[in-house]
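Structure provided below as structure tokens; questions to follow.
The values are calculated or read from the model by the stated rules, or taken from the named source; none is laboratory data. Keep in mind the model is a prediction, meaning the values are calculated, not measured. Cβ atoms come from the backbone with ideal geometry, glycine included; neighbour counts cover every protein chain shown.
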Amino acid sequence: MRAVVMDRFGGPDVLRVQEVPDPVPGPGQVLVAVEYAGITFVETQVRAGRGPAAGQRPALPRIPGNGVGGRIVAVGPQADPALVGITVVTTTGGEGGYAELAVARAQDVIPVPAGVALREAVALLADGRTAVLLHRRAEVRAGEWVLVEAAGGGVGSLLVQLAAGSGAKVIGAARGAGKRDLIASLGAVAFADYSLPGWEREVAELAGGGVDLVFDGVGGQVGAQGMLAVRPGGRASVYGMASGSWTDPPGHVRVIPSGGVPGPAEIRAAAEEALALAAAGRLRPIIGQTYPLAEAARAHRAIEERTTTGKTLLIP
Ligand SMILES: NC(=O)c1ccc[n+]([C@@H]2O[C@H](COP(=O)([O-])OP(=O)(O)OC[C@H]3O[C@@H](n4cnc5c(N)ncnc54)[C@H](OP(=O)(O)O)[C@@H]3O)[C@@H](O)[C@H]2O)c1
């Protein structure tokens, strides 16, 4: 099969398509003919050798990619043969997704619900479960002011919708005015461009003295400024560092505990909830761009250069 292999850490060009042996599903595993593979922001950081968590320099060579969708074409020993032929989305357990064929644990596969296209389900798999868990832990209430950073990105675009769906007044923030219309279409009542000086003061003013809650997946300068837009006693959900450094929340803000790494059952339930919300028309994944598998390097470069919106998918 063809797969994207990286044999060293570095810039996007370390991602090269190669002919490699087909993977063979082991005990309790299935083999998926991949139609779409998701790319998450963290995969660009891991590829560069600077993942946000300690020890995120996995063994090489490796095929990146943690989320795929497609038809199950074979099963290994002790996996239910009736799974063959079903179209599913699934985690790959951390790697192996950027490929024509991927193995996954049978217990991880999720059938795509009626009314949701496979590409949408793949777009929702990682970002949807993350957004559902963050939204739930933040206990968003109707009428609250909520600031979402990177609101035109994968997780951010879903957080805007979920918070707005809870009745919050959402201010979606991004770099540059180009994402304004997209963010408004997600249900945000206002837009903030964090490339402009003083944006955080404008956000605080709009919210009548500060927002009640900020979702910070950016960190760095944007994250620090976003904290200044929070009212005294307001809350912060700090979940990412797209800028390269985590936010150190100031004392006037209550940090929502991350709750630790969710277990497999909680992760699966959150992904299923995101898919159910999509099937009910209450959550819309934004697939901003797709690339052929052979152009994985170009896709990573676009994400790093901040020219993407929503989710980026690879098509083998
Ligand atoms: N996807 C998941 O399931 C998941 C799980 C846990 C944590 N996270 C974290 O959540 C954050 C968002 O993840 P995502 O996959 O949804 O990515 P994403 O939002 O699709 O892409 C990253 C966003 O961050 C913004 N950004 C700000 N500074 C940046 C910089 N220096 N370089 C690149 N982008 C920058 C960009 O928007 P602007 O250009 O508009 O600022 C871009 O939209 C990441 O920090 C990630 O590690 C994601």
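Taking the condition in contact with a helix residue (DSSP H, G or I) (Cβ under 7 Å, 6 or more places away or on another chain) and at negative phi, does T130 pass? Please lay out each step first, then the result.
Values: in contact with a helix residue (DSSP H, G or I) (Cβ under 7 Å, 6 or more places away or on another chain): yes; at negative phi: yes.
Considered against the rule, which asks whether it is in contact with a helix residue (DSSP H, G or I) (Cβ under 7 Å, 6 or more places away or on another chain) and at negative phi, T130 comes out as yes.
For G260, indicate whether it is more than 10 Å from the ligand (Cβ to nearest atom), of a type outside the set (S, T, N, Q), surrounded by fewer than 18 Cβ atoms within 10 Å (Cβ to Cβ) and part of a strand (DSSP E or B).
No; evaluated as a whole, the condition is false for this residue.
Determine whether region 198-214 contains at least one residue that is in a loop (DSSP other than H, G, I, E, B), within 23 Å of the chain's Cα centre (by Cα) and either in the same structural domain as A150 (by TED's automatic domain parsing) or on the phi > 0 side of the Ramachandran plot (or both).
no
Just to be sure before I move on: is R306 more than 26 Å from A102 (Cα to Cα), under 17 Å from the mean Cα position of the chain (by Cα) and surrounded by fewer than 21 Cβ atoms within 10 Å (Cβ to Cβ) in the structure I sent?
Taking the combined requirement at face value, the residue satisfies it.
Quick check on this structure: which one of L182, L158 is in contact (Cβ under 8 Å) with a residue 24 or more places away in the chain, farther than 24 Å from G198 by Cα and under 18 Å from the mean Cα position of the chain (by Cα)?
L158
Looking at region 217-231, which of the residues that are closer than 15 Å to V155 by Cβ and among the hydrophobic types (A, V, I, L, M, F, W, C) is surrounded by the fewest Cβ atoms within 10 Å (Cβ to Cβ)?
Within region 217-231, the match that is surrounded by the fewest Cβ atoms within 10 Å (Cβ to Cβ) is V222.
When you go through V155, V160 one by one, which is the residue that is among the β-branched types (V, I, T) and either outside the structural domain of V238 (by TED's automatic domain parsing) or more than 11 Å from the ligand (Cβ to nearest atom) (or both)? Please lay out each step first, then the result.
On the way: V155 fails: either outside the structural domain of V238 (by TED's automatic domain parsing) or more than 11 Å from the ligand (Cβ to nearest atom) (or both).
After applying the criteria, what remains is V160.
Scan G172, G220 and give me the residue that is within 20 Å of F41 (Cβ to Cβ), within 11 Å of the ligand (Cβ to nearest atom), touching a Phe, Trp or Tyr at 6+ places or on another chain (Cβ under 7 Å) and not polar (S, T, N, Q).
Going through G172, G220 in turn, the sole match is G172.
On to the next question. Restricting the search to region 270-316, which residues are part of a loop (DSSP other than H, G, I, E, B), within 11 Å of the ligand (Cβ to nearest atom) and more than 20 Å from D181 (Cβ to Cβ)?
Within region 270-316, E305 is the sole residue that qualifies.
Suppose we filter V146, V132, V140, V89 for residues that are surrounded by 23 or more Cβ atoms within 10 Å (Cβ to Cβ) and part of a loop (DSSP other than H, G, I, E, B); which single one remains?
On the way: V146 fails: part of a loop (DSSP other than H, G, I, E, B); V132 fails: part of a loop (DSSP other than H, G, I, E, B); V89 fails: part of a loop (DSSP other than H, G, I, E, B).
Only one candidate qualifies: V140.
Only one of these is more than 13 Å from T40 (Cα to Cα), of a type outside the set (F, W, Y) and near the ligand (Cβ under 10 Å from one of its atoms): S237, S243. Name it.
S243 is the lone residue from the list that is more than 13 Å from T40 (Cα to Cα), of a type outside the set (F, W, Y) and near the ligand (Cβ under 10 Å from one of its atoms).
Which residue pairs have Cβ atoms under 6 Å apart, sit 6 or more places apart or on different chains, and have a first residue in region 1-30 that is more than 17 Å from L60 (Cα to Cα) and a second that is surrounded by fewer than 20 Cβ atoms within 10 Å (Cβ to Cβ) and polar (S, T, N, Q)?
That search, which allows pairs on different chains as well, returns P27/Q78; G28/Q78.
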